[in-house]
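A.B. asks: Quick one: this structure, given as structure tokens, is what I'll be asking you about.
Each reported figure results from applying straightforward, stated rules to the coordinates on display, with no laboratory input. Because the structure is a prediction, the values reported are computed rather than measured. Heads up, the Cβs are rebuilt from the backbone with ideal geometry, glycines too, and the neighbour counts pull from every protein chain shown.
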Amino acid sequence: MQKAKREVLLRLFCVVRVLFAVTLLFLLPLLAKVCFIYCMILVISGTNRPNSRARLVANLYGQLLTELAVEHQLLDLVELPADTLVSALYGNTGKQPTFNRLIAQTEAADKLVMIVPEYNCSIPGALKTFIDGLPYSGGIRGKKAALVGLGTGTQGGSLALSHLTDILMYLGTTVLPTRVRLPLIDQYLTTEGTLDYHLYVQLLREQAAQLAAM
């Protein structure tokens, strides 16, 4: 009697294991897809210059994320208050409503994309000011970031990307190894915000997919 009971329990256990394995087989891809879709990525146009090339590329990047069915938002540093240095930093931390909103938007994102033009062999001052104003050691610590450099010359913002990588790594942000450089941007970026160079679009699309999959 006891032996028969053990055999029944063993068979029942085997059936449960098989059902559990089959359930996982179907559920895991679904869960991965859900996480992939609902990961929010913030695309930052890294200059406060109005109607900038960075904003056009940021818009294009957003379109690529839409094609990947990835939720995203856009933050344009043109929204940075003109008096940020005196109204939002140091003794005035937390007192500037517009700056606080930009910080909240950044903190709410799971991952970041920074579109960075090269100014005087480095990143724009507006971007550095924005980063300096983020809470420490919170803010962007622990987030993942993809970097895109823009340049009118042949280097494609390589120095700016190098400097920004150092800053982000110091702050505890994981930088995607695939950093995209877009040299001679004036030759390929149209006024409508499209890139008239298939390779550039391909590089951005591949980077966006890699970031979304991280």
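A.B. asks: Applying the Karplus parametrisation 6.51 cos²θ - 1.76 cosθ + 1.60 with θ = phi - 60° to the phi angles of segment 130-145, what ³J(HN,Hα) value in whole Hz is obtained for each residue in order, glycine and proline being reported as x?
C.D. replies: Listing the rounded values in order: 4, 5, 5, x, 6, x, 10, 9, x, x, 10, 4, x, 7, 10, 9 Hz.
A.B. asks: Right, next: Based on the alpha carbon coordinates of segment 86-145, what radius of gyration and maximum Cα-Cα distance (Dmax) apply, in Å?
C.D. replies: 12.2, 32
A.B. asks: Just to confirm a number: summing +1 for Lys and Arg and -1 for Asp and Glu over residues other than L176 whose beta-carbon lies under 13 angstrom from that of L176, what do you get?
C.D. replies: Result for the neighbourhood of L176: +3.
A.B. asks: So between L85 and Q187, what do we pick up on full extension, going 0.36 nm a residue minus the alpha carbon distance?
C.D. replies: Extra length available between L85 and Q187 comes to 33.3 nm.
A.B. asks: Report the trypsin sites (Lys or Arg not before Pro) located in segment 89-159 that are in a DSSP loop and have at most 11 other Cβ atoms inside 10 Å of their Cβ, or state none.
C.D. replies: K95
A.B. asks: Once the convex hull of the C-alpha atoms of segment 38-213 is built, how many Å³ does it hold per residue, rounded to a whole number?
C.D. replies: In segment 38-213, the Cα convex hull volume per residue is 105 Å³.
A.B. asks: Which cross-chain or sequence-distant (5 or more) residues have an amide H under 5 Å from the amide H of D76, H modelled 1.01 Å from N in plane?
C.D. replies: S45
A.B. asks: For segment 110-200, give the magnitude of the charge dipole about the Cα centre (Cβ charges: +1 Lys/Arg, -1 Asp/Glu; no others), in debye to the nearest 20.
C.D. replies: Dipole magnitude for segment 110-200 comes out near 400 debye.
A.B. asks: Count charges around T154 for me, please; just the other residues with Cβ under 14 Å from its Cβ, Lys/Arg as +1, Asp/Glu as -1.
C.D. replies: That sum, taken over residues with Cβ under 14 Å, equals -1.
A.B. asks: Per residue of segment 199-205, in order, report the coupling 6.51 cos²θ - 1.76 cosθ + 1.60 (Karplus, θ = phi - 60°) as ³J(HN,Hα) in whole Hz, putting x for Gly and Pro.
C.D. replies: 4, 4, 5, 4, 4, 5, 5
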